[in-house]
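*Asks:* Have a look at this one before I ask anything.
The values are calculated or read from the model by the stated rules, or taken from the named source; none is laboratory data. Here the structure is a predicted model, which means the values were calculated and not measured. We place every Cβ from the backbone using ideal geometry, glycine too, and count neighbours over all the protein chains shown.
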2 protein chains.
Amino acid sequence: MTLVYEKDGAAIYRRSFSIIRAEADLARFSPEEEKVAVRVIHASGMVEVAADLVFSPGAAAAARAALRAGAPIFCDAQMVAHGVTRARLPADNDVICTLSDPAVPLLADKLGTTRTAAAMELWRDRLGGAVVAIGNAPTALFRLLEMLDEGAEKPAAVIGMPVGFVGAAESKEALIADGRVPAMIVRGRKGGSAMTAAAVNALASDRE
Amino acid sequence: MTLVYEKDGAAIYRRSFSIIRAEADLARFSPEEEKVAVRVIHASGMVEVAADLVFSPGAAAAARAALRAGAPIFCDAQMVAHGVTRARLPADNDVICTLSDPAVPLLADKLGTTRTAAAMELWRDRLGGAVVAIGNAPTALFRLLEMLDEGAEKPAAVIGMPVGFVGAAESKEALIADGRVPAMIVRGRKGGSAMTAAAVNALASDRE
């Protein structure tokens, strides 16, 4: 049996994006938001996720500008960090996940929270103007709001797309309602590291 | 404002799995399959994905036995490899992604295929009895079937869950229809590295 299938990576991308634009309802998005929506849909296989995307005003533009200016990208999970396509980054931006830092388990005990939330303490010095990409842990989004309460400097933009059944929907609604930081979310339980990294990749470059 | 949210990672897991078992229709699965279904749902935030899961007979049991016997886990994407929880692996199994190997770009040109499919050439020597976890590229699943045609040794089981709009659904149906290797898939466009790694994590340990 000979299998016949598309083997050209660039052609696969082009055809995928063309199917997404034909099927998804993207009319309400700005051009910058639309590119995020297309890549998030691409990463999830679900055109219907477009309806769950919420951008605070100017969030996509703020994230793009920050990345062009060299902002670091702080990720809550190694999967998010490894989903960021380095060749798309406009300023060889640092992509940082501190979850495996040896200080984290003790810090989590001390703070009485998850390791993911505790790992964010190690972001504090460079948080001002950074791009934050949360794709796994709702506790990370909640903790970010607490850090802002404590006086941490504001990131340029937050991609808040944790997935799951306990706290995910609530943490994303809290981020958007909070309003202190430009943010983009996927409403509800859906989300995850692939959608989050896809949003970063969309914001990183004008190239499709 | 004080945010009130669950900060105990173990409690978040327990409550998540309890919600999933209350909401999802898991009756048709064997106990081994059910654990895979629960973790795939957990990783995606979608109880409805249970309906799209297909296991070939004995595939979940074959994957579990192979992992316990020390089989390596070959992953098509770094995100899949980084989603595998090393502490759950029963035999300190190797988790291998060859996509970044310096030989791959030239190999892809020579074979006229994607880098992901080309990277699988570097699995060939250890493919017999391995667990294969494909979460990103449909071309990798198609290429695996071609490698079997060419006489490559059979893996113990294949987790075939690439996501997307071009070839993903077709590659998964081809894998299940082929029947030479025990396999588990998510039908249709849905899938991805998080679901794939979640399936590996479910198969790796009896612990929830």
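*Asks:* Scan (1) out of contact with any His (no Cβ under 9 Å at 6 or more places or on another chain); (2) modelled with pLDDT of 95 or more; (3) surrounded by 19 or more Cβ atoms within 10 Å (Cβ to Cβ) for the single condition B:Pro105 breaks and write down its number.
*Replies:* The single condition B:Pro105 does not satisfy is (3).
*Asks:* How about the range B:69-80: which of its residues are without any contact (Cβ under 8 Å) to a residue 24 or more places away in the chain and either buried (at least 18 other Cβ atoms within 10 Å of the Cβ) or touching a helix residue (DSSP H, G or I) at 6+ places or on another chain (Cβ under 9 Å) (or both)?
*Replies:* Within the range B:69-80, just B:Gln78 meets the criteria.
*Asks:* Which one is surrounded by the fewest Cβ atoms within 10 Å (Cβ to Cβ) among residues in the range B:114-142 that are within 11 Å of another protein chain (Cβ to nearest Cβ) and in contact with a Phe, Trp or Tyr (Cβ under 9 Å, 6 or more places away or on another chain)?
*Replies:* B:Phe142
*Asks:* Name every residue in the range A:176-208 that is of a type in the set (Asp, Glu) and closer than 16 Å to A:Val38 by Cβ, in order of residue number.
*Replies:* Initial filter on the range A:176-208 (of a type in the set (Asp, Glu)): A:178, A:206, A:208.
Within the range A:176-208, A:Asp206, A:Glu208 meet the criteria.
*Asks:* May I pose another question? Is the range A:197-208 home to any residue that is part of a helix (DSSP H, G or I), among the hydroxyl-bearing types (Ser, Thr, Tyr) and modelled with pLDDT of 95 or more?
*Replies:* No - not one qualifying residue is present in the range A:197-208.
*Asks:* Report yes if B:Ser56 is within 14 Å of chain A (Cβ to nearest Cβ) and touching a residue at least 60 places away in the same chain (Cβ under 8 Å), otherwise no.
*Replies:* Values: within 14 Å of chain A (Cβ to nearest Cβ): no; touching a residue at least 60 places away in the same chain (Cβ under 8 Å): yes.
The answer is no for B:Ser56.
*Asks:* While we're looking at this one, here's another question. For B:Ala27, are the conditions met, namely being more than 11 Å from every other protein chain (Cβ to nearest Cβ), among the small types (Gly, Ala, Ser) and touching a residue at least 60 places away in the same chain (Cβ under 8 Å)? Lay out the reasoning, then the answer.
*Replies:* On the way: more than 11 Å from every other protein chain (Cβ to nearest Cβ): yes; among the small types (Gly, Ala, Ser): yes; touching a residue at least 60 places away in the same chain (Cβ under 8 Å): no.
Spelling it out, it is not the case that B:Ala27 is more than 11 Å from every other protein chain (Cβ to nearest Cβ), among the small types (Gly, Ala, Ser) and touching a residue at least 60 places away in the same chain (Cβ under 8 Å).
*Asks:* Kindly provide the set of residues from the range B:159-180 that are more than 10 Å from chain A (Cβ to nearest Cβ) and surrounded by fewer than 21 Cβ atoms within 10 Å (Cβ to Cβ), ordered by number.
*Replies:* Matches in the range B:159-180: B:Glu173, B:Ile176, B:Ala177, B:Gly179, B:Arg180.
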